[in-house]
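A short reminder: the numbers here are calculations on the coordinates, not readings from a lab. Keep in mind that what you see is a predicted model, and the values were worked out from it rather than measured. Every residue, glycine as well, gets a Cβ built from its backbone with ideal geometry; the counts of neighbours run over all protein chains shown.
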Amino acid sequence: MSYVDEVLERVIAKNPAEPEFHQAVKEVLESLRPVIEANEEKYRKEALLERLTEPDRQFKFRVPWVDDKGQVQVNTGYRVQFNNSIGPYKGGLRLHPSVNLGIIKFLGFEQIFKNSLTGLPIGGGKGGSDFDPKGKSDREVMAFCQSFMTELCKYIGADTDVPAGDIGTGAREIGYMFGQYKKIKSVYEGVLTGKGLSYGGSLARTEATGYGLLYLTEEMMKCNGHEMKDKVVCISGSGNVAIYATQKAQQLGAKVVTVSDSTGWVYDPEGIDVALLKEVKEVKRARLTEYAAARPSAEYHEGRGVWSIKCDIALPCATQNELLLEDAKQLVANGCIAVAEGANMPTTLEATEYLQKNNVLFAPGKAANAGGVATSALEMSQNSERLSWTFEEVDGKLKDIMVNIFHNLDDAAKRYGKEGDYVAGANIAGFEKVADAMIAQGVC
Ligand code: NDP
Ligand code: 2IT
């Protein structure tokens, strides 16, 4: 049996009931086959793939907090420190009822390669909890965040592990967590990114994932003979990534006609009104029905359906496995040119394969959404030198990073005779740096 197949089998046997983790590992290892096969003896002897697929360590802890009725609630917290061979562990904290160890492991595993692709010195980690911030008062969210950080602070630090936002964790949650870290440790340091601007946050971090997604998409389109201007774009999600992807797409002259949340979706043929979307989602924390109610050109639909709308570019920006094979077929039938993943692993393996076979340009999340973590690393740099850069400076660096990432994927794919396969390109380019660092640092 080949080394890749052996490790895949072992990962599934050792980590039962973690389907998202299996999926992420399978996608990466399948596309690394040519690289592994070229060095099979060496990598096998080093047990490189076994080491890469086993987190350095994982924490699971109780998070008790008191709700507004005086009732004690108990959630489960996680932090998986996956790989620190190229820098301190870095990755977001997801707060969503669906969170479990397998989901955090899939996200942490992806983060290793994503962070490597940014070219910046950050390793891979991820964390979160099954806490649901939806419908909670600010006081309840604070109580949860303080309890969560009371345990998490034992394992993190500015040079050790630097968490950030993800689904359900935005500026409010980061603020409460930062306050608690500072109180317990008596250290003022850049232990979290995505902080508010008044206490060490970076300009453009809020926009970075969505903007970065569009910078990479624009470069991929350009290098394949297309421009963004006048393209029709379908976006899913209506959170941090979706909002700023919509804004940048519009700035580049495209028209975004859909957004969604976990209950339904909006089709707005006149183009999404970003100011209204921000008011509904960032200020009121309300449902998309409020957007549709305030916007005569918008139709609201219950359930899923974003990918049924005819578009040139599809940008899934909500969650994992939200773009299925049937959606991919619909996109291809509607003449879609490009899919770029704003979310982590939003496209199933079957859907990805179908899109690529039908010549749809496909940019995987670990490259396309790397702008968020890259700008987090820029926030860490600013914290270390105790300076703040201008919006233009950070945004300019972000754009350069995303354009570079695209060319690195493109080159890596070409080197292995897989021209245009940006999934393989991303996995290979991300892997090469990490593998080199792991081998150089010996067995550890
Ligand atoms: P937010 O919490 O700001 O927004 C998430 C959006 O996705 C909401 O519209 C939410 O709807 C929707 N959503 C979440 N879960 C589901 C679900 N199970 N089914 C349907 N819709 C769902 O998160 P972000 O925008 O930050 O994150 C979105 C994606 O981007 C995630 O995959 C995340 O890992 C990834 N990402 C985020 C980065 C960042 O910097 N924030 C960086 C790189 C990747 P509702 O409000 O109804 O729950
Ligand atoms: O998935 C991701 O890359 C993030 N949620 C951002 C992580 C970070 O450290 O900024």
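Between the stretch 156-225 and the stretch 291-339, the alpha-carbon centres lie 27 Å apart. With Cα atoms defining each centre, the stretch 40-92 and the stretch 122-136 are spaced 12 Å apart in the structure. One equal scatterer on each Cα of the chain, no solvent, Debye formula: the resulting log10 I(q)/I(0) at q = 0.06, 0.07 Å⁻¹ is -0.23, -0.32.
Legend: distances between Cα atoms for K248/K329; K278/K399; K42/K433; K114/K329; K248/K414; pairs beyond 25 Å are K248/K329; K114/K329; K248/K414.
Taking the Kirkwood radius as the inverse of the mean 1/r across Cα pairs, report the Rg/Rh of the stretch 134-211.
Result for the stretch 134-211 is an Rg/Rh of 0.95.
With the convex hull of the Cα atoms taken as the outline of the stretch 100-181, the averaged projected area works out to 5.6 nm².
Note on A275 and T263: their simple-model spin labels are 2.6 nm apart, each label 7 Å out from Cα toward Cβ. Each other residue within a Cβ distance under 14 Å of M1 adds +1 if Lys or Arg and -1 if Asp or Glu, for a net charge of -2. Can you list, bin by bin at 5 Å, the percent of alpha carbon pairs in the stretch 236-335, starting at 0? P(r) over the stretch 236-335, rounded to whole percents: 2, 14, 26, 27, 20, 8, 2, 0. By the Cβ distance rule of under 4.7 Å, the chain has these cysteines without a partner: C145, C153, C223, C317, C336, C444. For the stretch 317-444, a Kirkwood radius taken over Cα pairs fed into Stokes-Einstein (4 °C, viscosity 1.567 mPa s) yields D = 79 µm²/s. Translational diffusion of the stretch 290-390, estimated by Stokes-Einstein from the Kirkwood radius over alpha carbon pairs at 37 °C in a medium of 0.692 mPa s, is 212 µm² per second. When each of the peptides 271-277, 60-66, 214-220 is scored by the mean number of other C-beta atoms lying within 10 Å of its residues, the order from highest to lowest reads 214-220, 271-277, 60-66. For the stretch 22-66, pairs of C-alpha atoms spaced more than 16 angstrom apart make up 54 percent of the total.
Sorting the Cα pairs of the stretch 1-149 by distance into bins of 5 Å, from 0 upward, gives 2, 9, 17, 18, 17, 13, 9, 6, 4, 3, 2, 0, 0 percent per bin. Only one residue of I112, S202, V7 has its Cα farthest out toward the positive end of the dipole of the chain, where Lys and Arg carry +1 and Asp and Glu -1 on Cβ, and that residue is S202. Compared with the direct C-alpha span, the chain from C444 to D132 gains 108.7 nm at full extension, assuming 0.36 nm per residue. Helices of the chain meeting both criteria, an alpha-carbon length of 15 angstrom or more along the long axis and an average Kyte-Doolittle score not below 1.0, with helices taken as full DSSP H segments, do not occur. Based on every Cα atom in the stretch 111-251, Rg and the maximum pairwise Cα distance Dmax equal 17.4, 54 Å.
Per residue, the chain reaches -15500 deg cm²/dmol at 222 nm when only DSSP H runs of four or more residues are counted, each adding -39500 (n - 2.57).
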